[in-house]
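Read through the structure below, which is laid out as structure tokens, and then see the notes.
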Amino acid sequence: MKLQKIDKPTYQARRSRIQWTMVAALFALSLGFAELYRWIFVGGESSLVLNALGVATGAGIVTFTLFKLRYTEYFHEVNYVWCLKQELNRIYRKSAKLDQALAEGTRDALIIKLFHVEGSRFIYDLDDNTLTMSELVKELDALRDKAANMNPPVSVDDYDPSLLVNL
């Protein structure tokens with residue numbers, strides 16, 4: 001996985017539209033299916049189980065639709081950020097081993113850590129999450145200095161998900 005250039009306003013607008021559409025579709029489908037199930041099975045009387053089944057059906061349809069549409073052009077930015085967040089989460093789950101390998105001076109560990117911090121900065125910037133940005137930039141500067149001093153130099157483009165397996 002490589003870090004790509006994402007147009008921030010386009011990403012934010014599409015993410016917002018997708019989220020609001022998901023909420024509206026979930027609301028309409030859940031309510032519609034709950035009413036349909038209640039009308040078919042209990043003649044319109046209230047039923048918690050059928051209401052829950054309506055919500056589950058609506059959630060299933062919305063989820064299925066999102067998974068079918070995620071590789072379309074409109075979803076490109078949102079899907080890329082979603083995949084990047086998953087990759088960063090995979091790295092975070094191995095942070096204990098990563099920190100140990102980084103302390104030993106392992107080249108692959110430096111590549112992974114550099115990708116993790118650079119990817120986190122990228123995501124924070126896209127989502128306008130500036131609370132811990134200053135700390136992240138300091139850590140990123142230190143990692144970049146360390147990467148530039150390695151022979152041969154290390155860059156974020158050297159990252160490959162298979163590096164995590166060998167950690």
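Taken over the stretch 67-93, residues that are more than 14 Å from the chain's Cα centre (by Cα) and buried (at least 16 other Cβ atoms within 10 Å of the Cβ) amount to 0. Where residues in the stretch 1-52 are touching a Phe, Trp or Tyr at 6+ places or on another chain (Cβ under 8 Å) and among the charged types (D, E, K, R), which of them is farthest from G119 (Cα to Cα)? By that ranking, first place goes to R14. I6 satisfies every condition listed in (1) touching a residue at least 60 places away in the same chain (Cβ under 8 Å); (2) part of a helix (DSSP H, G or I); (3) of a type in the set (A, V, I, L, M) except (2). With respect to I61, is the statement that it is part of a helix (DSSP H, G or I) and either of a type in the set (D, E, K, R) or on the phi < 0 side of the Ramachandran plot (or both) true? Taking the combined requirement at face value, the residue satisfies it. Tell me whether the stretch 102-109 contains one or more residues that are part of a helix (DSSP H, G or I) and surrounded by fewer than 16 Cβ atoms within 10 Å (Cβ to Cβ). Within the stretch 102-109, one or more residues are part of a helix (DSSP H, G or I) and surrounded by fewer than 16 Cβ atoms within 10 Å (Cβ to Cβ). Within the stretch 133-154, the residues that satisfy the criterion of being modelled with pLDDT under 85 and under 24 Å from the mean Cα position of the chain (by Cα) are M133, S134.
Residue-level check: of (1) surrounded by 12 or more Cβ atoms within 10 Å (Cβ to Cβ); (2) at pLDDT 85 or above, L167 misses just (2).
The selection criterion, being at pLDDT 95 or above, surrounded by fewer than 16 Cβ atoms within 10 Å (Cβ to Cβ), under 24 Å from the mean Cα position of the chain (by Cα) and more than 30 Å from R90 (Cα to Cα), holds for A24. Any residue at all in the stretch 22-36 that is part of a helix (DSSP H, G or I) and either on the phi > 0 side of the Ramachandran plot or of a type in the set (K, R) (or both)? The answer is no; no qualifying residue exists.
The values are calculated or read from the model by the stated rules, or taken from the named source; none is laboratory data. These numbers come from a predicted model, not from an experiment. All Cβ positions, glycine included, derive from the backbone under ideal geometry; neighbour counts span all protein chains shown.
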